[in-house]
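Asks: Submitted below is the structure of interest, expressed as structure tokens.
Every read-out reported here was derived from the displayed coordinates using simple, explicitly stated rules and does not represent laboratory data. Quantities reported herein were computed from a predicted structural model and do not represent experimental measurements. As a convention, Cβ positions derive from the backbone with ideal geometry for all residues, glycine included, and neighbour counts pool all protein chains shown.
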Amino acid sequence: MTLMNAHPAAASGAGRQEPDDPELGDPVPELGWPVGVVSDRLGIAAPTLRSWDRRHGVGPSLRTSGNHRRYTELDMRRVQLMARLTAQGVPAQSAADSVLAMDARSIAERLGAGGVTVGATAPGAAAVVDDEIDRDGVPESDVAQADAADIVESIVAAARALDARTMSLLYRQVMRRREVGAAWVEVFAPALRRVGDLWREGRLGVQAEHLTSELLQSELRAVVRANRLRVAGRPVVLAGADDEQHHLPLLALEAELARHGVASLFLGPRVPSEALVAALRESRPRAVFLWASIARPGVEPLWRDLAVVDWDLEVVIGGPGWADGIVVPAGPVVLTRVTDFGTAVRALTSSPGGLTR
């Protein structure tokens with residue numbers, strides 16, 4: 001049962017009045033609810049609702065003829081989304097800034113098509129009070145149970161507020177509850193895309209995009225460091241094409257390979273073809289992964305230069321930038337194209353060409 005379908009006229013002291021003739025132009029008064037009713041229906045303590053209203057501006061927007069303030073359905077959606085974000089560890093002010101910046105459609109999309117559902121707040125939201133929000137960590141149970149889309153929204157809210165502490169906590173907790181690959185596909189990549197879209201639309205500063213990327217880079221490298229003693233064997237080389245600037249997919253792949261015990265040599269973005277070939281000859285890796293998100297020519301020096309390879313080498317290419325019909329020189333080089341993160345991991349951890357864990 002949703003509040004959209006329940007109109008407690010007694011709660012506001014007046015029912016919804018429908019005009020006999022829509023052409024009369026009389027406005028239809030909006031139904032409102034007092035704080036006690038909202039508290040009961042959403043499961044959020046009334047003192048918390050009053051605090052959010054007083055300190056953060058998320059509260060009732062309707063006034064009755066007697067000058068009493070009432071929550072509209074949109075107000076309740078804002079409150080419910082704020083409860084969901086704060087229960088995941090987003091500070092109240094950051095959550096409020098994010099919620100108040102959204103229009104009604106965006107809020108409805110975040111909450112789902114069902115509208116404001118009784119008892120549908122995030123786990124633990126009923127117990128949240130403002131003084132408890134600034135805590136040292138995000139409860140694991142909240143992050144574990146939260147939908148990936150909500151976690152993405154929490155990361156975006158933290159980015160909007162330049163809240164590095166909250167963003168780092170969210171990143172860390174996501175990786176504690178998910179494997180790196182799942183964290184990347186379900187949360188991190190969508191969050192980066194969302195932040196990038198907001199920046200391109202002029203709704204978010206470039207500083208927020210940089211902070212989001214830099215903090216995630218630190219957390220992914222922490223995974224690599226934590227697994228350093230487990231890695232062994234000939235390394236896998238990870239590199240971006242010579243004009244490729246995006247390297248976070250490579251870092252996520254490095255972290256996942258480390259978790260599998262696979263050694264890697266991370267060369268990063270914008271590796272010139274001649275430098276890449278030189279690195280291959282010096283390290284003689286068992287495989288190399290090349291990332292390209294920017295369109296590449298079908299014929300380029302790299303494929304020709306691979307003729308110097310005289311050992312079994314699997315070249316795995318990923319990203320939307322690679323052209324179709326790439327041909328490598330005849331010999332021990334095998335070319336594999338992957339279309340998603342999981343396929344790339346499988347190609348680099350085991351293959352008919354001799355790649356084994």
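Asks: What shape does segment 222-291 have by the C-alpha gyration tensor, where a ≥ b ≥ c are the square roots of the eigenvalues, rounded means a/c under 1.5, and otherwise prolate means a/b greater than b/c and oblate the rest?
Replies: Oblate shape, in that a/c is at least 1.5 and b/c is the bigger or equal ratio.
Asks: Could you check how many percent of all C-alpha pairs in segment 60-108 are farther apart than 18 Å?
Replies: Counting pairs separated by more than 18 Å, the tail of P(r) holds 35 percent.
Asks: In a shell of Cβ-Cβ distance under 11 Å around Ala241, excluding Ala241 itself, what net charge do Lys and Arg (+1) and Asp and Glu (-1) give?
Replies: Within the 11 Å Cβ shell, the charges total -2.
Asks: Near the amide H of Arg270, under 5 Å away, which other amide H atoms are found, from residues 5 or more places off or on another chain, if H is placed in the peptide plane?
Replies: Residues meeting the criterion, in which the H sits 1.01 Å from N, are Gly240, Ala241, Glu244.
Asks: Could you line up Ile107, Ile155 from fewest to most neighbouring Cβ atoms inside 10 Å?
Replies: Ile107, Ile155
Asks: If you don't mind, there's one more thing I want to ask. Can you give me the pair-distance distribution of segment 243-357, C-alpha pairs, 10 Å bins, whole percents?
Replies: Spelled out bin by bin, segment 243-357 gives 13, 50, 35, 2 percent.
Asks: Calculate the FRET efficiency for Ser168 and Ala226 from the Cβ-Cβ distance with a Förster distance of 22 Å, rounded to the nearest 0.05.
Replies: The formula returns an efficiency of 0.90 here.
Asks: Restricting to Cα pairs below 8 Å that are 6+ residues apart, what does the relative contact order work out to for segment 136-226? Please round to a whole percent.
Replies: Result for segment 136-226 is 34 percent.
Asks: Modelling each spin label as a point 7 Å along the Cα-to-Cβ direction, I'd like the His68/Leu100 distance in nm, to one decimal.
Replies: My value for the distance between the label points is 2.6 nm.
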